Number of protein chains: 2
Amino acid sequence: MLHERLISKIFLETSVLSKEDVGITVSKEEDFSEWYTQVVLKAKLADYAPVKGLIVLRPDGYSIWESLRNTFDKKFSKSGIRNGFLPVLIPESLLGKEQKHFAGFNPEVFWVTHSGENEIGDRLALRPTSETLAYTLYSKWIQSWRDLPLKINFWNTALRAEIKATKPFLRTSEFLWQEGHTVHATKEEAEEEVMKILEIYKTTVEEELAIPVVTGKKSEKEKFVGAVYTTTMESIMPDGKALQMGTSHFLGQNFSIPFEVKFADKDNIEHFAWQTSWGVSWRLIGAMIMMHGDEKGLVLPPKVAPIQIVIVPIYKSDEIRQKILQKACEIKNTLEAADLRVHIDDRIGLTPGYKFNDWELKGIPVRMEIGPKDLEKNSIVVVKRHNKEKTSMSITDVTTISQVLNNIQKEMLDKAKEQSVKSTAEVLEYSDFKARIGNGGFFKAFWCGKQECEEKVKEDTSADIRVIPFESEEDNSGRCIYCMEQSKAKPIFARGY
Amino acid sequence: MLHERLISKIFLETSVLSKEDVGITVSKEEDFSEWYTQVVLKAKLADYAPVKGLIVLRPDGYSIWESLRNTFDKKFSKSGIRNGFLPVLIPESLLGKEQKHFAGFNPEVFWVTHSGENEIGDRLALRPTSETLAYTLYSKWIQSWRDLPLKINFWNTALRAEIKATKPFLRTSEFLWQEGHTVHATKEEAEEEVMKILEIYKTTVEEELAIPVVTGKKSEKEKFVGAVYTTTMESIMPDGKALQMGTSHFLGQNFSIPFEVKFADKDNIEHFAWQTSWGVSWRLIGAMIMMHGDEKGLVLPPKVAPIQIVIVPIYKSDEIRQKILQKACEIKNTLEAADLRVHIDDRIGLTPGYKFNDWELKGIPVRMEIGPKDLEKNSIVVVKRHNKEKTSMSITDVTTISQVLNNIQKEMLDKAKEQSVKSTAEVLEYSDFKARIGNGGFFKAFWCGKQECEEKVKEDTSADIRVIPFESEEDNSGRCIYCMEQSKAKPIFARGY
């Protein structure tokens, strides 16, 4: 024991210091921003890179991204979408082709001007998004109606130099994302694709990350500048700010004309094609952290947790340790055979209490404790991370934990939905809106459709039109929150990330 | 029929032109380099990007990479390695820390000097490799023996501006790869890791891509400059040139000292850690193309083929078409239930002959033909891509195709092994060596161990020491091919890519 204590002391001194320094030291309610950063860093999801505004993903953070990627890949593949690879460098000369679209990115573009000692004639942009590059190629690849639809997705990073304050996952100068680019023979088919993708996004975010979203359209002012229209999914975070969770754009022929993406139809007449593009980024991980985390740290939805169940053996002597470890291994094997992700924490020299805190910080959905008394009773103690509920379970029934995990997933979504409903209000009077916007939340308000009113609201309140829900797209049953003219829609206003 | 002919004509005119233009127009033997490029482009694996030296992967090319990635990920994961993410930008100031290692990359580095209109003070390098960045972070993450081993792999791209002639997959200025970086408490453990990885590389390349490799060490001259030693796997291509297929480096403490990657051991004394790094790139896809392709195009090993079996229905009237398609679908469902990747080519307006050529060009391992006569006999025609063998199979036994695919995989490896043996010679006399080196191939020759002799051989013959096979590392039973002094090893010399 002396030996183990010594180790423990060394470990605490050199590696993780005292408990106060390890855990989250601010409350989510009092200092949301600091709380968020502490969770990201202390749960070891990510760390800062040496270049300001860039982050590194540690394995626990990256595995959440891998899990999302796998889910999306399965759904994309079922929908006939395949993956490809595009280089990160785009020549400046190519960017001129659709200047309107690219102008928005100009202040954020990283420029490569030299290779080795040599200056490069045509400067190279680091990809802020790949429309121009992809469509240059698509115009070569597509010749006939037989080549359509062409549906390719790219898992890569985008680079946009952030001038504002950066925040891991939410705002960084390089971020992991996927960008899908599809080409269709008809307008109808392209518009259907836009909606199919948005549906894939919505179900994945709700089912995997347990975050409810509102889907609809962006206003003209807020849409992707290259798009005919932009559909979006938005969520309201616990601090009252809205977060854009993903967008799916109908590009119409805005790119196919300048890039000459055209095809000979069955009638042998050439037509310009119809296009879509769409993307989600690791921002989704940021949303998950904000939505579910608590004063003890991260809370992971079971579906994306790298470890779903951690088993902590509890013992005081080496002899018992062997017996308990043996049983823990048996349980692990049984659970792994049921396709669950399980870890036994047998680190020596650390107290059970220390381990409990550690796994709570990391947000592992279920902890199983097994000590000598449990062994006698052929049972284990089960502690759920999301609601701290502690129960006992017979080892014989241990595979029923799989149902427990499903329930946790459901309960987390239900709770987030409740919170989202609570954070959403209808407002009819502008004075009421202005009085309440400071508390945060989604505000449903009638709007006349004029950009002028939208801009005035933004000026007064810092709130944007986040999304015009599909069902409210033509709601003319009220009067514009700003000018009191007859409404044309009922969007959701909020201050956003 | 008239209608279908018209479509066919349009398609041929607009999309793929005449048969001569579609297929490979040079022989592999006569113009290997042109043959290779044609296969890459015409089988639609990749295409050129607008920036010289960069390529784009089309879905058929990328899916081979995805297949390799999945296999490696499973093996890495079993071996306790997890994935992470590193940004592509590395500040110039950081690179100074291990100048010797970085100096080699200097002429190839792409430099970012501006973000938007603003000049960046500390220029940013696009990652040529991530040792400096990873180890800056590792030195923060590692404090105690408990944090070891730390084993992280990164799937990303590396950027090295190529001055020499570029070639898809073999030499490009940006390439997909994985880079693994591990840290260990002891030298022995780190050296074991180097060998474990090399073994994972070897078995994966042999089992998945059906390419035999020779493993061993690089000479001092050819090793990674930051390494204590470099282990490598090398293959001999059908044109007689050697290709480096992957390397696994023992870094010793060469990086841990300048980057201060150190840990407090159980004795509470600080030690510098021991490190490894290792990588394979999409060059493996290039090797696969060269090794197995033939005059008709690509030949894919079944394990990595995006489609393993293509079913071509043959019919002359619409009525029979329905019956045949129905049977084709049944077969497809049966095969997919057996986890095989199957596609039915029911493109209208294209002749079966056209389709056969198309799928042969794309290298799909097995073609199944089903026409009215086959339907009557309840059988299908099976044509194997790698040896063009044509047989008949009862539809009742169709799942036995899975064994056929296994045999194809094995036969492809056996054939490649045979070719590799034929391309390997032992030489004792320098005059003999010089006379034969022009024909290409691996040459096993004794060597005294002096860099001077290695350099003289290179000067005279353009051949390098590609690999010192592990079993020949201390072979002192002969005389140096160049200076005739007693040998210290028996490396393989060859001209390389």
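Every read-out reported here was derived from the displayed coordinates using simple, explicitly stated rules and does not represent laboratory data. The model shown is predicted, which means the values in this text are computed figures rather than measured ones. No Cβ is skipped: glycine too gets one built from the backbone with ideal geometry, and neighbour counts run over all protein chains shown.
Relative contact order of chain A, taken over Cα pairs closer than 8 Å and 6 or more residues apart, is 14 percent. Between B:LYS390 and A:GLU34, the modelled labels are 7.9 nm apart [label points 7 Å from Cα along Cα→Cβ]. Take each residue in B:110-123, count the other chain C-beta atoms within 10 Å of its C-beta, and the mean is 6.
Return the Rg/Rh value of the protein assembly as shown, two decimal places, where both radii are evaluated on C-alpha atoms and Rh is the Kirkwood radius.
Numbers: Rg = 30.6 Å, Rh = 31.4 Å.
Dividing the radius of gyration by the Kirkwood radius yields 0.98.
Close amide H pairs (under 5 Å, H built 1.01 Å from N) link B:THR247 with B:GLY279, residues at least 5 positions away or on another chain.
Looking at the range B:423-494 alone, DSSP beta bridges between its own residues are antiparallel in about 70 percent of cases. In this assembly of identical copies, the label point of B:LYS415 (Cα plus 7 Å along Cα-to-Cβ) is separated from its counterparts by 6.0 nm, sorted shortest first. For the pair B:ILE163 and A:ASP265, label points projected 7 Å from Cα toward Cβ lie 5.4 nm apart. Once the Cα-Cα distance is subtracted from the 0.36 nm per residue extended length, the A:GLU189 to A:ASN357 segment shows a gain of 55.3 nm. The stretch between A:GLN486 and A:GLU330 holds 49.4 nm of extra length on full extension. This uses 0.36 nm per residue minus the Cα-Cα distance. Rank A:HIS343, B:TYR315, A:GLY104 by how far each Cα sits towards the positive end of the charge dipole of the protein assembly as shown (+1 on Lys, Arg Cβ; -1 on Asp, Glu Cβ) and give me just the farthest. Working it through, the farthest residue towards the positive pole turns out to be B:TYR315.
Beyond a 18 Å Cα-Cα separation, which of these cross-linked pairs lie in this structure: B:LYS434/B:LYS488; A:LYS241/A:LYS444; A:LYS167/A:LYS241? Over 18 Å Cα-Cα: B:LYS434/B:LYS488. The residue among B:GLY478, B:LEU428, B:GLY440 whose Cα reaches farthest toward the positive pole of the charge dipole of the range B:423-494, with charges on the beta-carbon of Lys, Arg, Asp and Glu, is B:GLY440.
Say R0 is 41 Å: what FRET efficiency, to the nearest 0.05, do A:LYS140 and A:HIS343 get from their beta-carbon distance? Walk me through the intermediate numbers first.
Values: r = 49 Å, r/R0 = 1.20.
Once the sixth-power term is evaluated, E becomes 0.25.
Suppose we keep just the DSSP beta bridges with both residues in the range A:32-292; what percent of those would be antiparallel, to 5? Don't skip to the end; give the middle numbers.
Details: 49 of 53 bridges.
In the range A:32-292, DSSP labels about 90 percent of beta bridges as antiparallel.
Translational diffusion coefficient of the range B:32-292 at 25 °C, 0.890 mPa s, Stokes-Einstein with Kirkwood Rh over Cα pairs, in µm²/s as a whole number.
On the way: Rh = 19.4 Å.
D, rounded to a whole number, is 126 µm²/s.
In 20 Å bins starting at 0, how do the alpha-carbon pair distances of chain B split up by percent? Histogramming chain B at 20 Å steps yields 20, 48, 27, 5, 0 percent. Between copies, how close do the B:ASN357 label points come, placed 7 Å along Cα→Cβ, listed in nm from shortest? Nearest to farthest, the other copies are at 7.3 nm. With both labels modelled 7 Å from their Cα along Cα-to-Cβ, the A:LYS221 to A:GLU117 distance reads 5.4 nm. Of the listed pairs A:LYS355/A:LYS410; A:LYS221/A:LYS417; A:LYS303/A:LYS388, which have alpha-carbon separations greater than 23 Å here? Result: A:LYS355/A:LYS410; A:LYS221/A:LYS417 exceed 23 Å.
Hey, with R₀ at 60 Å, roughly what FRET efficiency would A:GLU455 and B:VAL26 work out to, going by the Cβ-Cβ distance, to 0.05?
On the way: r = 63 Å, r/R0 = 1.04.
Computed FRET efficiency for A:GLU455 and B:VAL26: 0.45.
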